[in-house]
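Just below is one structure, and these are the notes that go with it.
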Amino acid sequence: MPVTGDYVVLMTTLGSPEAAAALARGLVEDRLVACAQRMPVESVYRW
């Protein structure tokens, strides 16, 4: 498959692992993404 050089990396946070799983599964099933990865996130903020 030829590589065009066009790609996007998107990161987002959701309220639960179940919501993340549903989003990832839906994007792959609808062929909107080739791959979706889920990972836990721990954020540190300075307000």
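Just so it is clear, none of the values below were taken in a lab; they were calculated from the coordinates. No experiment lies behind these values; they were computed from the predicted model shown. For neighbour counting, all protein chains shown are included, and Cβ atoms are generated from backbone atoms with ideal geometry for every residue, glycine included.
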Just to confirm the number: angle between the C-alpha axis of helix 17-29 and the first principal axis of the chain, 0 to 90 degrees, nearest 10? 10
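Is there a quick way to get the dipole size of the chain? I mean about its Cα centre, with the Cβ of Lys and Arg at +1 and of Asp and Glu at -1; what is the value in debye to the nearest 20? The partial results should precede the final answer.
Details: 4 positive and 5 negative charges, 21 e Å.
Here the chain has a charge dipole of around 100 debye.
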As an exercise, find the ratio Rg/Rh for the chain from alpha-carbon atoms, using the Kirkwood inverse-distance average for Rh. 1.08
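What GluC sites (Glu not before Pro) in the chain are in a loop by DSSP, with at most 15 other Cβ atoms within 10 Å of the Cβ?
Values: sites: GLU18, GLU29, GLU42; in loops: GLU42.
Those that pass, being in a loop and sparsely packed, are GLU42.
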